[in-house]
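A quick write-up on the structure given underneath.
Derivation of every value follows stated rules applied to the coordinates shown; laboratory data play no part. As the structure is a computational prediction, the values presented were derived from the model and not from experiment. Don't worry about glycine lacking a Cβ; one is built from the backbone with ideal geometry, like all the others, and counts go over all protein chains shown.
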There are 2 protein chains.
Amino acid sequence: MQAGSPKWRRRSEARPGEIVQAALEVFAERGFAAAKLDEIARRAGVSKGALYLYFETKEDIFRAVVREAVVPNIDMVEAMLAQATIPFPDLLRLALARIETVIETTRLGAVAKLVVGESRNFPELARVWHDEVVSRMLAAMSGALERAQMRGEVRLGDPRLQAFSIMGPILLGVIWQETFTPVGAPPAPLKSLVRQHGEMMIAGLAPRVGDPQ
Amino acid sequence: MQAGSPKWRRRSEARPGEIVQAALEVFAERGFAAAKLDEIARRAGVSKGALYLYFETKEDIFRAVVREAVVPNIDMVEAMLAQATIPFPDLLRLALARIETVIETTRLGAVAKLVVGESRNFPELARVWHDEVVSRMLAAMSGALERAQMRGEVRLGDPRLQAFSIMGPILLGVIWQETFTPVGAPPAPLKSLVRQHGEMMIAGLAPRVGDPQ
DNA sequence: CTATTATATGACTCGTGGGTCAGTTACAGA
DNA sequence: TCTGTAACTGACCCACGAGTCATATAATAG
């Protein structure tokens with residue numbers, strides 16, 4: 001054994017983050033049940049035992065993945081949608097572009113698919129995802145729509161349902177990409193999908209002639 | 001032991017269907033990995049060994065579930081969308097109403113969620129679902145849109161992307177119902193969602209003034 | 001009634017992987 | 001250099017559940 005290179009190093013600061021990062025990859029690739037702790041440990045560059053220095057259980061690691069990987073990205077979009085000074089069509093175009101960027105630069109899609117797939121077995125996780133991600137996004141979007149309705153920029157209707165109409169195709173695109181493209185389906189071109197959908201929604205949401213203020 | 005009531009009966013005709021039915025329930029509740037063959041057997045009223053008289057493996061049962069539970073419903077919607085004589089807005093309203101009925105009267109939503117969740121571990125299953133369900137639905141919808149564009153009833157644009165815009169919110173509604181409603185989120189009112197989304201899409205798809213034929 | 005066979009049982013095997021822990025190593029402080 | 005201890009290892013344990021098979025029973029034919 002060479003004296004110069006230690007077998008391992010003590011790095012208690014950096015470990016948790018590295019483990020979460022490795023776990024994100026493995027969970028995204030295999031799903032919760034099929035992800036093996038040995039593989040997470042290997043990719044994080046530690047032994048399996050080391051995982052238990054920082055996390056209680058496999059489920060605990062899963063929770064950390066969801067919280068750390070996603071929640072930070074939501075604040076940004078939320079803040080953007082809260083801006084009241086921009087005409088709705090422009091606001092929608094901006095928000096959609098931002099969402100598109102987040103999807104393309106993070107593993108958000110994979111995590112979303114993961115949460116949906118495992119929600120039955122981990123209801124608490126579904127609750128976290130709902131409260132900290134989906135619900136906030138939907139509330140921000142509904143809020144913007146409601147204000148736009150009051151200004152007469154958007155036709156009257158349940159703003160929550162309108163928000164569903166806006167967000168739905170994006171979810172479909174993400175799920176398509178994560179689920180069907182890997183098995184040979186033609187890819188869902190997220191960029192043009194978001195753009196065309198946005199323009200269609202702007203047209204579909206435009207107030208009808210003769211609508212009351 | 002009483003002579004009058006046999007411990008079990010030979011019912012080789014009815015078994016496979018009963019097993020598939022039971023498996024659908026258990027898979028929908030637990031996901032593939034967490035579903036136990038013992039429980040499927042119990043709900044089907046047989047022993048675990050009997051499952052292997054009719055199916056090779058657990059995966060085999062999963063496949064049978066997907067094929068039997070869903071595929072028959074697709075033909076109907078596909079045929080409806082192929083009708084060329086109806087003005088597009090009416091056609092869309094009819095098709096959406098039909099889809100809504102299928103979702104409400106079958107476990108299609110649960111199976112969809114299941115396939116999405118397990119697609120990484122069972123790519124062949126994702127392929128079956130894509131080829132026999134999603135792709136066909138999308139093709140039927142795109143076809144109707146393309147014909148409507150040629151008749152000048154719908155604004156020009158990539159019909160496949162327009163189909164994504166139409167189908168996306170429905171998927172979102174279904175996933176919402178299967179994922180978040182069980183953990184305390186407000187339900188996604190599928191009926192009104194579909195209706196409002198349909199009207200919005202009809203408005204958003206209407207040809208712009210001055211568009212070429 | 002008896003023999004035969006298809007159908008069904010349930011105790012069993014065995015691979016797998018989450019979780020444990022006795023021992024090892026890095027490193028800080030004296 | 002010599003501890004003390006926090007950080008880390010990896011062989012091990014054991015619960016779990018998919019899949020097997022020797023045995024048992026229902027149905028059927030002769």
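Label points for B:THR181 are taken 7 Å from Cα along Cα→Cβ. From this copy to the others they lie 3.0 nm apart, shortest first.
Only helices enter this figure: runs of n ≥ 4 DSSP H residues, each worth -39500 (n - 2.57), summed and divided by the residues of chain A, yield -22000 deg cm²/dmol at 222 nm to the nearest 500. Between the residues A:ILE61, B:GLY49, A:LEU193, the greatest Cα displacement towards the positive end of the dipole of the protein assembly as shown, with unit charges on the Cβ of Lys, Arg, Asp and Glu, is found for B:GLY49.
Copy-to-copy label distances for B:GLY143, where each label lies 7 Å from Cα along Cα-to-Cβ, are 4.6 nm in order of increasing length. With its label point put 7 Å out from Cα toward Cβ, A:GLU132 sits 3.9 nm from the same residue's point in the other copies, in order from shortest. From the alpha carbon centroid of the range B:92-147 to that of the range A:158-173 is 18 Å.
In this structure, the pairs whose alpha-carbon distance is over 26 Å, taken from B:LYS7/B:LYS48; A:LYS48/B:LYS58; B:LYS58/B:LYS191; A:LYS191/B:LYS191; A:LYS58/B:LYS113, are A:LYS48/B:LYS58; B:LYS58/B:LYS191; A:LYS191/B:LYS191. Computed over neighbours whose Cβ is under 15 Å from that of A:LYS191, the net charge equals 0, Lys and Arg +1, Asp and Glu -1. For the range B:133-213, trypsin sites (Lys or Arg not before Pro) meeting the loop criterion (DSSP other than H, G, I, E, B) and having at most 15 other Cβ atoms within 10 Å: B:ARG151, B:ARG208. Against the main long axis of the alpha-carbon atoms of chain A, helix A:108-118 sits at an angle near 80°. Between the helical axis of A:88-105 and the dominant principal axis of chain A, each derived from Cα atoms, what acute angle in degrees is found, rounded to the nearest 10? For A:88-105 against chain A, the angle is about 20 degrees. Note on B:MET80, B:MET201: ascending count of other Cβ atoms within 10 Å places them as B:MET80, B:MET201, the fewest first. Here, the range B:81-165 has an Rg and a Dmax of 14.9, 45 Å when only alpha carbons are counted. Sorting B:SER47, B:SER142, B:SER135, A:SER5 by the number of Cβ atoms found within 10 Å of their own Cβ, with the fewest placed first, yields A:SER5, B:SER47, B:SER135, B:SER142. Between the residues B:SER119, B:ALA79, B:ILE166, the greatest Cα displacement towards the positive end of the dipole of the range B:62-205, with unit charges on the Cβ of Lys, Arg, Asp and Glu, is found for B:ILE166.
What's the local net charge at A:ALA41, with K and R +1, D and E -1, over the other residues with C-beta under 12 Å away? Net local charge, A:ALA41 excluded: +3.
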